[in-house]
Amino acid sequence: MQFADRIIQLIISVFLIVGVYQFYFWCQRNHVAKPRELRSPIDDRIPYRPRWVWIYSFLYYPVIVAINWVVTSPRHYLYVVISFMFLLGLQMFFFTFFPVATPIEWRTCNARRGRSERFLAFVQTFDARSNSFPSMHTSVATLTALHLFPVFGPWAFAFPILIALSCLFTKQHYIIDLPAGALLGWVAFSCFKLIY
C-alpha cells in the first residue's frame, strides 16, 4: 500500500473512533431497563490505583490506530472496519437492553488528589457508571490484538491484558466485565475471518 493510502485510512479511522463514541453516549442515555450492579467479593478486593488511567486512556487509542500500519490493502482495511462496527453493534445491544452500572462509591472514592485522579475524574465526566458490561475497552483491545497478531505474534495480547488491568484498577469495571468483553472481541474477529 502507498503511504498516502495509509494516511487517508488513518484520518478515516480517527473520524470513525470519534463517531463511534456518539453511539456509546447514546446508549448511556437510552436504557430499556434500569441498570443493575454485578458486584462480587473479588471486586471489593481489587485496589483502587488511579495511575492506571494513563494506560486506560493513552495506550488504548494509539494501539487501535496502529492497525492502519498492518493492513495490507484497502479491502483488508474495509473488512477490519466492518469487524469493529459489528463489535459496536454487539456492545450497543448489551448497553441498551441489559445495562450494568458500577457502584456509586467507586466514583466517590476519587478525591481528585494529583494529576491521575483529576484526569480520571475528567474521563468519568464523559464515561458514565453505566455501559459497564461487557467491557468495551476490553472487547476493542481484544479485537485489536487479534488483528495485530499476524505481525506481532503473542506480544499483541499484552495490549488487552494491560487494558483489562487498567479497567479494574481505575474501578471503571467489574471483573466479570472483562472476560465478557474479551469474548465479544473474539466473536467479532471470528466473524471477520468468516467473511474476509
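A few points about this structure:
- Ranked from largest to smallest solvent-accessible area, with a 1.4 Å probe on the protein heavy atoms, Lys171, Lys193 come out as Lys193, Lys171.
- The 1.4 Å probe gives accessible areas that order Ser135, Ser40, largest first, as Ser40, Ser135.
- Accessible area, probe 1.4 Å, largest first, for residues Phe157, Phe152: Phe152, Phe157
- The simple spin-label model puts a point 7 Å past each Cα toward its Cβ; for Tyr79 and Trp186 those points are separated by 2.1 nm.
- Heavy-atom accessible area per residue - the chain, 1.4 Å, Å²: 52 Å²
- Note on Phe149 and Val70: the extension gain reaches 27.4 nm, defined as 0.36 nm multiplied by sequence separation minus the Cα-Cα distance.
- For region 20-137, the residue among Ser130, Ser40, Pro103 whose Cα projects farthest onto the positive side of the dipole built from Cβ charges is Pro103.
- Normalising the average separation of contacting C-alpha pairs (under 8 angstrom, six or more residues apart) by the number of residues puts the relative contact order of region 32-156 at 39 percent.
- Ordering 14-22, 94-102 by mean Cβ neighbour count within 10 Å, with the highest value first, yields 94-102, 14-22.
The values are calculated or read from the model by the stated rules, or taken from the named source; none is laboratory data. In this text, all values refer to a predicted model and were calculated from it rather than measured experimentally. Here Cβ is always computed from backbone atoms with ideal geometry, including for glycine, and neighbour counts include all displayed protein chains. To get the accessible areas, we keep the full protein, side chains included, count just its heavy atoms, and leave off ligands, DNA and RNA. Shrake-Rupley method; radii C 1.70, N 1.55, O 1.52, S 1.80 Å.
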